[in-house]
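Everything on this sheet refers to the single structure shown next.
The values are calculated or read from the model by the stated rules, or taken from the named source; none is laboratory data. Remember, predicted model here, so these are calculated numbers, not experimental data. Glycine gets a Cβ as well: all are built from the backbone with ideal geometry, and neighbour counts include every protein chain shown. Side chains included, ligands, DNA and RNA excluded: accessible areas come from the protein's heavy atoms. Shrake-Rupley method; radii C 1.70, N 1.55, O 1.52, S 1.80 Å.
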Amino acid sequence: MDRASLKETSRLVVKLGTGILTSRSKQIDPGQVEQLVAQVAAQRSAGREVIIVSSGAVGAGMGALGLAKRPTDLSDLQACAAVGQSRLMSTYSELFARHDLPVAQVLLTHDDLEHRDRHLNARNTLVSLLDKGVVPIVNENDAVSYTELKFGDNDWLAALVACLLPADLLVVLTTVDGLVENFGKKNPRTLPVVETIDANIRKLAGGTLSATAVGGMEAKLRAAGMTARTGIPMVIASGKKKRVLANIIGGRDEGTFFTPRPGRLKGHKRRIAFFHHPKGSLWVDNGARDALREKGKSLLPPGVARCNGDFAKGDVVRICDLNGTEFSRGISRFDADEIRTRTLKGIEIVHRNDLVIL
Ligand code: GLU
């Protein structure tokens, strides 16, 4: 897939990072939000559906509460996000109203997308908002989510939302131009295209140094891995540029374009691959690894070398090689304890229909 095909985009998810929504003094930067809102409104006028995934709640809350540092105590952080989220929404609502566009706040926890019914519900709500001409503005429900419930970061959340709908394109707007080679050194260069996220590409990403933001480039690459596997193109670009969305959708060179892998994952497999926090893992021998990966087989008892964790029948588990490297995920047909007894014979532990090669 090349950039020219982005002209066909009819539904896109735009992720807006804290760094482009708030100023150095941790206040919402109205001028900056205004120009981003204008870009989204222009895409809406061109007939495209746009879903925003917005960070900035913690950042805006810090400004409102006069905090210089991101709180470390969980309830302080949640309080800060709750204050900031309402400020953020009132800014969006006012700025989109100037373009006659209503907005909706959609706050999600990981749990909401993990369970099948709630997953479908969240999807239906977003689609219904789009049908009504509303711009949904999604964030994590920071006020109630704690470690086990967390998405981790909003790059991942944005990729999940793109995958949930599904969308035709994910655009991650941040403070840098894309994935940059020689970042902070002589001759920096933004990579125009990434086809495979390998070790060399990962080396280019460092964590975040910002006081308000969470993810950094590593998180963006993780999100890009998900969208690529799902068959959705993704672009990382600078949210400070006034024509960035129009350029990306016009197929022009802007930021870094991550090409999707061929073969879109269907709904059931998308859920298995990305929407769960697996409770355990099955390490498999080389024969089983090749049978799953190259031949599309189911996982049978003799191939399982180790069973870790405490999962129940029906749970999603990681499937790893003998080095513990995860290469697949699937739904276990047995409890961990049953697998550990090693008495199962001739039956699939993970059926190929419930298994995804990552
Ligand atoms: N949900 C957090 C916020 O709104 C942001 C998390 C992230 O940026 O990754 O502040």
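Here's a check for you: in region 98-113, which residue that is open to solvent by less than 30 Å² (accessible area, probe 1.4 Å) and part of a helix (DSSP H, G or I) is farthest from SER86 (Cα to Cα)? Per the criteria, the residue is LEU113. VAL144 - would you say it is β-branched (Val, Ile, Thr), in a loop (DSSP other than H, G, I, E, B) and closer than 14 Å to LEU107 by Cα? When the stated conditions are applied, VAL144 passes them. Remark: pairs (first residue in region 259-276, closer than 17 Å to ALA224 by Cα and among the basic types (Lys, Arg); second residue open to solvent by 50 Å² or more (accessible area, probe 1.4 Å) and assigned to a helix (DSSP H, G or I); Cβ separation under 9 Å; 6+ apart in sequence or on different chains) = ARG271/ARG116.
Tallying residues that are more than 21 Å from GLU195 (Cβ to Cβ) and under 23 Å from the mean Cα position of the chain (by Cα) within region 239-269 yields 10.
Would you say ALA79 is at pLDDT 90 or above and over 21 Å from LEU36 (Cβ atoms)? Taking the combined requirement at face value, the residue satisfies it. Taking the listed residues SER281, SER210, the one that is modelled with pLDDT of 95 or more and surrounded by fewer than 22 Cβ atoms within 10 Å (Cβ to Cβ) is SER281, with no other qualifying. Screening ARG123 against (1) open to solvent by 50 Å² or more (accessible area, probe 1.4 Å); (2) more than 19 Å from ILE232 (Cα to Cα) leaves a single unmet condition, (2).
Quickly run through region 26-69 and pick out the residues that are at positive phi, out of contact with any helix residue (DSSP H, G or I) (no Cβ under 6 Å at 6 or more places or on another chain) and of a type in the set (D, E, K, R).
Within region 26-69, no residue meets the criteria.
The residue list THR196, THR175 contains one member that is more than 26 Å from PRO278 (Cα to Cα), open to solvent by 50 Å² or more (accessible area, probe 1.4 Å) and β-branched (Val, Ile, Thr), which is THR175.
Considering region 72-92 alone, what residues qualify as being under 28 Å from ASP131 (Cα atoms) and open to solvent by 50 Å² or more (accessible area, probe 1.4 Å)? Selection gives SER86, ARG87, SER90.
For region 149-172, a residue qualifies if it is more than 9 Å from the chain's Cα centre (by Cα) and of a type in the set (Val, Ile, Thr), and the qualifying residues are VAL171, VAL172. The set of residues from region 239-289 being under 30 Å from ASN308 (Cβ atoms) and among the aliphatic types (A, V, I, L, M) comprises LEU265, ILE272, ALA273, LEU282, VAL284, ALA288. For VAL138, the criteria (1) open to solvent by less than 20 Å² (accessible area, probe 1.4 Å); (2) of a type in the set (A, V, I, L, M, F, W, C); (3) part of a loop (DSSP other than H, G, I, E, B) hold in every case but one, which is (3).
For every residue, the table says whether it meets (1) more than 16 Å from ALA167 (Cβ to Cβ); (2) open to solvent by 50 Å² or more (accessible area, probe 1.4 Å); (3) hydroxyl-bearing (Ser, Thr, Tyr); (4) touching a His at 6+ places or on another chain (Cβ under 8 Å).
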site	(1), (2), (3), (4)
GLY231	no, no, no, no
GLY263	yes, yes, no, no
SER298	yes, no, yes, yes
LEU322	yes, yes, no, no
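Scanning region 120-153 for residues that are within 25 Å of ARG98 (Cβ to Cβ) and within 16 Å of the ligand (Cβ to nearest atom) gives PRO136, ILE137, VAL138, ASN139.
Does SER23 count as modelled with pLDDT under 90 and on the phi < 0 side of the Ramachandran plot? Yes; evaluated as a whole, the condition is true for this residue. Against the conditions (1) away from the ligand (no atom under 13 Å from the Cβ); (2) not in a strand (DSSP E or B), GLN85 satisfies every one except (1). A single member of ALA162, ALA122 is assigned to a helix (DSSP H, G or I), among the aliphatic types (A, V, I, L, M) and under 23 Å from MET1 (Cβ atoms), and it is ALA162. Confirm whether LEU95 is surrounded by fewer than 19 Cβ atoms within 10 Å (Cβ to Cβ) and over 30 Å from ASP315 (Cα atoms). So LEU95 does not fit the description; no.
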